[in-house]
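The next block holds one structure in the form of structure tokens; read it before the comments.
Every number here is computed from the coordinates shown, using simple stated rules; none is lab data. Given the structure is predicted, the values throughout are model-derived calculations rather than measurements. Neighbour counts are summed over all protein chains in view; Cβ atoms, including those assigned to glycine, are modelled from backbone coordinates with ideal geometry.
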Amino acid sequence: MSAPALSAYRGRFAPTPSGPLHFGSLIAATASYLDARAHAGSWLVRMEDVDTTRNVAGAGEHILSTLDAFGFEWTGEVLWQSTRHEAYAQALEQLKNAGLAYGCACSRKEIADSSANPALDGGLVYPGTCRSGLAAGRSARAWRLRVGAGETVFEDRLQGTLSQHLERECGDFVLLRADGCFAYQLAVTVDDFFQGISHVVRGADLLASTPRQIYLQRCLGVPVPSYAHLPLACNAGGEKLSKQNLAPPLEAADAAASLVAALRFLGQPAPLDLSRAPIAEVWVWAFENWNFAAIAARPATASA
Ligand code: GLU
């Protein structure tokens with residue numbers, strides 16, 4: 001892949017348009033935005049609509065209007081992953097040509113029948129059935145990345161040194177799915193490079209994905225950004241807030257109160273009476289007082 005111009009700090013927020021933004025998304029948006037501002041950097045928005053099975057009609061536009069109502073200002077045009085198939089296909093081609101990607105004929109059931117090892121993402125470690133070629137008469141349904149033995153180690157700004165043994169904990173992972181969608185891991189890696197992202201600040205739910213992304217960056221010969229994984233907001237039942245468990249959507253009318261709550265969740269002592277102030281005043285406080293070091297590293301609980 002060819003390199004974009006070298007630049008200073010470039011951060012991003014990359015929501016999936018599977019529903020409206022919630023308090024958990026606001027935490028990721030706020031921390032990535034303030035970290036970029038504190039470094040006099042740019043902050044980009046990328047709409048991760050690569051997985052067409054998860055997209056909800058109108059959700060992308062709704063997310064952008066919510067970000068706007070909350071006073072976020074992003075650099076340049078929003079990048080929609082649905083416009084990036086060509087780039088993902090090229091990256092896959094590069095990996096195939098390097099002998100790093102291979103076609104896989106296995107169905108979910110075949111994998112379930114031949115693997116007993118749970119993978120970090122909740123699935124099963126791929127047992128490597130098609131690693132040395134497809135059996136006679138079988139054709140590729142998906143494409144996988146061949147992972148090497150050994151640890152992938154990285155330093156997270158919040159979580160410290162982390163290490164994953166990809167072969168054991170994850171296995172050869174999917175780049176192009178059987179349903180024709182490019183996988184999140186490939187799309188995010190290609191786009192973080194394409195957008196020249198130097199710093200990724202996002203929720204700790206993506207921590208287990210980071211070694212796969214770093215491994216892919218190395219395979220594609222692109223730089224590895226700096227990573228910071230934020231504590232996750234949970235509901236009263238201790239589950240991570242998500243669209244799947246129907247976390248309440250952010251309301252533009254409560255923007256100041258929600259932003260104050262997000263700042264406080266991030267360890268920033270925003271005065272509670274700012275909750276009734278115009279949103280611009282909350283941002284003034286946040287720009288002046290942002291202290292990355294005050295963020296608690298460990299997953300924590302907060303009410304939405
Ligand atoms: N699109 C992912 C999500 O909404 C975030 C991806 C990322 O920040 O790398 O969970």
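Principal axis analysis of the Cα atoms in the range 44-88 yields extents of 32, 22, 9 Å, listed in decreasing size.
Amide H contacts of ALA247: SER242, each under 5 Å away and 5 or more positions distant or on a separate chain (H built 1.01 Å from N in the peptide plane; Pro and chain starts excluded). Converting phi to 3J(HN,Hα) with the Karplus coefficients 6.51, -1.76 and 1.60 and the offset θ = phi - 60°, the range 66-82 yields 5, 4, 5, 5, 7, x, 6, 10, 9, 8, x, 7, 5, 9, 9, 5, 5 Hz in sequence order, with x at every glycine or proline. Applying 1/(1 + (r/R0)^6) with r as the Cβ-Cβ distance of LYS96 and ARG177 and R0 = 22 angstrom yields a FRET efficiency of 0.90.
Rg ratio for the chain: its Cα radius of gyration over 2.2 N^0.38 Å, N being its residue count, equals 1.04. Just so you know, the averaged projected area of the alpha carbon convex hull for the range 19-152 sits at 11.9 nm². The HN-Hα couplings worked out from phi for the range 99-107 by the Karplus form 6.51 cos²θ - 1.76 cosθ + 1.60 (θ = phi - 60°) are x, 9, 10, 9, x, 10, 9, 5, 7 Hz, whole numbers, x standing for Gly and Pro.
Gyration tensor analysis over the Cα atoms of the range 185-300 returns equivalent ellipsoid semi-axes of 30, 18, 14 Å (largest first, whole Å). Using C-alpha pairs under 8 Å with a sequence gap of at least 6, the mean separation divided by the residue count of the range 1-108 gives a relative contact order of 28 percent. The HN-Hα couplings worked out from phi for the range 11-27 by the Karplus form 6.51 cos²θ - 1.76 cosθ + 1.60 (θ = phi - 60°) are x, 7, 10, 10, x, 9, x, 9, x, x, 5, 10, 4, x, 5, 5, 4 Hz, whole numbers, x standing for Gly and Pro. Amide H contacts of PHE173: LEU145, VAL147, each under 5 Å away and 5 or more positions distant or on a separate chain (H built 1.01 Å from N in the peptide plane; Pro and chain starts excluded). In the chain, Cα pairs under 8 Å separated by at least six residues give a relative contact order of 23 percent. Mean projected area of the Cα convex hull of the range 124-258, taken over all directions, amounts to 11.4 nm².
With Rh defined as the Kirkwood radius, the inverse of the mean 1/r over Cα pairs, the Rg/Rh of the range 168-220 is 0.96.
Legend: ranking of residues HIS62, HIS229 from fewest to most surrounding C-beta atoms inside 10 Å; resulting order HIS62, HIS229.
For the peptides 260-272, 109-121, residues were scored by their other Cβ atoms within 10 Å and the scores averaged per peptide; the highest-first order is 260-272, 109-121. Taking label points 7 Å from Cα along the Cα-to-Cβ direction, ALA277 and ALA236 give a separation of 3.1 nm.
Seen from GLY99, the other residues with C-beta closer than 14 Å to its C-beta sum to a net charge of +2, counting Lys and Arg as +1 and Asp and Glu as -1.
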